[in-house]
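The block underneath contains the structure these notes are about, expressed in structure tokens.
Just so it is clear, none of the values below were taken in a lab; they were calculated from the coordinates. Fair warning: this is a prediction, and the values are worked out from it, not measured in the lab. Backbone-built Cβ (ideal geometry, glycine too); neighbour counts: all protein chains shown.
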DNA sequence: AATGAATGAGGCTTCATTCAT
DNA sequence: GATGAATGAAGCCTCATTCAT
């Protein structure tokens with residue numbers, strides 16, 4: 001987890017989320033500015049929520065002039081959109097990476113839930129950014145849902161999970177997880193929140209208490225995969241229209 | 001109870017929410033104006049979310065001058081706080097009223113969940129206000145949680161519900177319900193969302209699938225208030241705002 | 001005369017200043033409201049300066065409703081004017097009272113200068129009000145000038161004082177006195193400011209250094225009124241306001 | 001230096017006051033705009049007094065948008081402070097320039113007094129600005145005092161002037177001068193106010209009537225700058241503002 | 001591309017004044 | 001007279017956006 005040079009007292013929230021921007025070769029300074037801005041935006045979301053994003057603050061955080069922001073984004077909305085896309089992509093990478101090698105649908109779901117909750121404790125700023133944008137942006141909700149969907153369907157196919165409606169099940173798992181993250185940020189203190197939540201949600205998905213407990217308490221895979229995330233390429237400049245963020 | 005004269009195309013979201021505090025006597029102008037403002041704020045939350053509350057719009061909506069707002073609230077923040085308190089009070093009344101006469105903890109929880117979800121379909125504006133402020137205001141979350149707590153503890157005492165942590169259980173129930181409401185506002189269409197969600201959450205709380213299903217499908221009590229609500233809440237089309245909630 | 005009930009921590013600045021308007025008979029409550037308002041205005045001037053007079057604050061300070069102010073004054077300007085007149089009257093009374101029985105023009109001038117400076121130390125709030133309104137209101141300046149004029153002319157007639165222009169002499173005496181008061185409020189600390197200033201001004205008016213010194217150091221007459229003032233004016237800490245006057 | 005293009009009927013009050021900082025080269029836009037704003041603020045002070053400074057009027061006067069003001073000053077208070085500093089600096093330059101080449105302390109004091117009074121007649125707007133801010137801002141008073149101090153001490157050292165307290169002497173000279181300026185603005189008309197005042201103040205500082213008269217009547221040095229001022233400052237009638245200064 | 005000064009619409013807030021009770 | 005809620009013009013300030021360099 002490398003981390004970007006920060007000038008403020010804000011802990012690294014982008015480090016894990018952003019790529020290590022292949023600065024191995026140091027000759028794409030200009031192309032990286034956009035990523036710098038997106039990263040800065042994420043840090044601001046974390047601290048102040050989506051609604052508060054101010055472009056002059058963004059410029060300051062990214063250590064560029066305010067005019068520079070407009071070389072990459074035409075409006076404030078476009079910035080929000082780009083950050084949404086960025087975060088959605090990060091979700092994709094992280095969630096897939098999380099349970100790589102695990103082929104039990106119930107376990108995969110459990111791992112996802114637990115990782116998000118654990119990460120909240122480790123990195124509240126990141127959590128705040130996630131929650132903030134998750135609540136704000138329907139597209140993000142869809143992106144998360146899609147990852148959940150495959151695992152839930154897998155679990156169902158394996159005869160482990162049962163639910164009447166995949167959509168409703170996705171909603172419950174996702175919002176309960178987000179809700180638990182919020183509770184933690186609200187100040188709720190407890191050990192093993194992750195396993196407790198995972199167990200309850202597995203029960204909601206049809207597992208018996210015993211089985212749910214067992215799966216929820218399985219050791220988490222070694223998340224060395226964070227490095228993988230780091231490798232992903234910077235987003236392309238072309239503006240993907242439509243709402244989001 | 002008659003609902004407030006509206007000059008805009010916004011359906012009644014406050015009429016049903018205002019508690020019948022005996023201020024029918026018209027000699028407390030100040031109290032009435034304050035309520036007018038809070039009601040107007042709720043309507044605005046419903047349409048635009050908490051973050052967008054603008055005090056000049058609030059004044060317009062409440063049909064008073066902008067200066068009047070400041071006779072009641074010193075700052076924008078104070079308005080948000082007051083509305084939060086108001087909504088929390090409404091919750092108190094509504095939730096208690098919902099399952100009055102029901103002494104089974106699991107049933108009480110189920111009724112609460114289902115009522116909120118059903119109300120979302122009937123009155124999306126109200127739902128939007130609830131979601132918006134629920135996400136915005138920790139105090140609201142606490143207020144809701146407290147009502148949940150007693151029912152959960154009752155159910156546990158009755159040997160019906162089981163959970164490791166009451167706090168976590170409250171979070172899961174509340175956020176899953178909110179999440180389902182959001183899904184509905186996001187456009188998710190399904191019959192019997194309420195029973196499905198209630199059943200899953202009861203399972204999360206330790207009931208077997210069969211018992212959960214049975215309780216989740218019990219007929220809802222005839223809430224006279226609800227009848228009124230249904231009457232008053234015309235389907236509301238409302239341009240699908242930027243990003244749902 | 002008893003001073004007005006104060007609800008704040010502001011020492012009495014009006015009690016000593018209020019002329020004994022024949023309210024000895026205590027049966028004119030309504031007639032006194034106006035005086036209450038003027039007194040309250042003086043207290044506010046003392047604390048915040050003329051420019052800051054706010055009618056709602058005035059009403060609050062006078063413990064009447066804001067509407068009541070408009071039963072006595074039609075506009076804010078009228079309040080300021082009334083306070084000006086009031087203060088001018090107070091000056092009249094005080095200044096004449098000061099050197100009653102003294103028939104030496106130079107001494108009379110000296111006494112006036114010294115009394116104002118001494119009072120500043122004793123009662124900074126009163127001083128602030130005086131300075132504030134003196135600078136604000138030309139009429140006050142005229143009122144003060146008239147009292148000065150007669151003493152200066154007396155002194156000239158007596159062969160004690162000499163000046164080319166009575167108007168200029170009045171200005172120098174008055175503004176030097178006010179200036180000394182400001183210096184004291186600005187934080188200048190010294191013993192015997194009053195005699196030093198009086199001496200210098202007497203010299204400016206043609207007295208030799210020796211004569212000026214002698215007159216400036218004469219004991220002040222026992223102003224019974226002053227005794228009261230001293231009693232009533234507890235040292236006032238008051239944050240040193242940004243820019244004094 | 002030619003003065004700033006004015007779009008209003010206000011005579012030049014800034015041109016003469018602006019120090020000739022070599023910002024003639026047009027490549028410091030920011031510095032120029034700031035100066036533009038300060039100059040505009042001085043013009044407003046002259047017309048309306050410090051208390052009335054309105055930032056939208058300031059922007060209008062400076063012919064920039066209101067937002068621009070906030071690129072240079074964070075609050076209204078900061079504008080006042082900046083103008084105070086500016087005026088203090090101008091004082092520094094002007095006063096030193098006034099009696100350059102004169103090495104008699106008493107003469108130097110006399111020259112300063114007389115110049116300010118004469119300038120009041122020539123340029124009432126400038127005088128109003130000076131008076132207004134002098135009364136408002138303690139720092140300005142300090143700045144003026146410091147220039148006076150050295151001359152007074154010089155005169156004392158030369159055996160010309162005598163005073164018990166330098167601080168009190170400074171106060172008397174400064175406030176008497178300001179007071180004379182106010183009298184002039186109040187409408188007092190007389191020839192040779194400057195010499196009369198100077199003479200009286202020199203007497204207050206220990207000079208005999210004869211010596212004081214002689215020094216007070218010495219010809220003023222030819223301030224080339226002053227000539228320009230006289231040229232530029234048309235008599236300004238100006239509605240007699242409610243309460244003068 | 002980067003810069004950063006300038007812009008101005010629009011929101012927040014104050015406060016003198018009105019008016020029905 | 002006294003009250004105090006209501007009014008709304010007017011000021012302060014923010015911030016997304018533009019544009020010349």
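Would you tell me which residue of chain B has the beta carbon closest to the rotation axis bringing chain B onto chain C, and how many whole Å away it is?
Measuring from each Cβ to the axis, the minimum is at B:67, 3.
Going by C-beta contacts inside 10 Å, put B:128, C:94 in order with the fewest on the left.
C:94, B:128
First check a/c for segment C:83-219, with a ≥ b ≥ c the square roots of the eigenvalues of its C-alpha gyration tensor; if it is under 1.5, answer rounded, and if not, answer prolate when a/b is larger than b/c or oblate otherwise.
Cα axes put segment C:83-219 in the oblate bin.
Specify the inter-centroid distance of segment B:26-63 and segment C:155-199, based on alpha-carbon positions, in whole Å.
Distance between centres, Cα-based: 60 Å.
Along the Cα→Cβ direction, 7 angstrom out, place labels at residue B:142 and residue C:97. What is the inter-label distance in nm?
With each label placed 7 Å out from Cα toward Cβ, I get 5.7 nm.
Take peptides B:119-125, C:64-70, D:195-201 and line them up by average Cβ neighbours within 10 Å, highest first, as a rough protection proxy.
D:195-201, B:119-125, C:64-70
Could you give, in nm with one decimal, how far residue A:121 is from each other copy of that position, shortest first, with labels 7 Å out from Cα toward Cβ?
Nearest to farthest, the other copies are at 4.0, 6.9, 8.6 nm.
Given a Förster distance of 51 Å, report the FRET efficiency between residue C:65 and residue C:189 from their Cβ-Cβ distance, rounded to the nearest 0.05.
On the way: r = 43 Å, r/R0 = 0.84.
Step by step, r from the Cβ atoms, then E = 0.75.
Under the definition of partner shielding as Cβ atoms of other protein chains within 10 Å of a residue Cβ, what is the mean value for peptide D:35-43?
Details: counts 0, 0, 0, 0, 0, 0, 0, 0, 0.
Counting Cβ atoms of other protein chains within 10 Å of each residue's Cβ and averaging gives 0.
What nm distances, shortest first, do you get from the label point of residue C:211 to those in the other copies when the point sits 7 angstrom along Cα to Cβ?
Label-point separations across copies, in nm and ascending: 1.8, 11.3, 11.8.
FRET efficiency for residue C:208 and residue D:157, Cβ-Cβ distance as r, R0 = 25 Å, nearest 0.05?
For residue C:208 and residue D:157, the calculated efficiency is 0.65.
Say a label goes 7 Å from Cα toward Cβ at residue A:32 in every copy; what distances in nm does this one have to the rest, shortest first?
Computed spacing set for this position: 3.8, 6.6, 7.9 nm.
Take segment A:29-82, compute every pairwise Cα distance, and split them into 5 Å bins from 0; I just need the percent in each bin.
Whole-percent P(r) values from 0 Å outward: 4, 23, 38, 26, 8, 1.
Full extension from residue D:222 to residue D:56: what is 0.36 nm times the residue separation minus their Cα-Cα distance, to one decimal in nm?
Contour length minus the Cα-Cα distance gives 55.8 nm.
Below 8 Å, C-alpha to C-alpha, sequence gap of six or more: please give me the relative contact order for segment D:117-208 in percent.
38 percent
Compute the distance from the alpha-carbon center of segment C:73-95 to that of segment A:93-152, in whole Å.
73 Å
Counting other beta carbons within 10 Å of each Cβ, put D:137, D:103, C:186 in order, fewest first.
If I rank by nearby Cβ atoms, fewest first, I get D:103, C:186, D:137.
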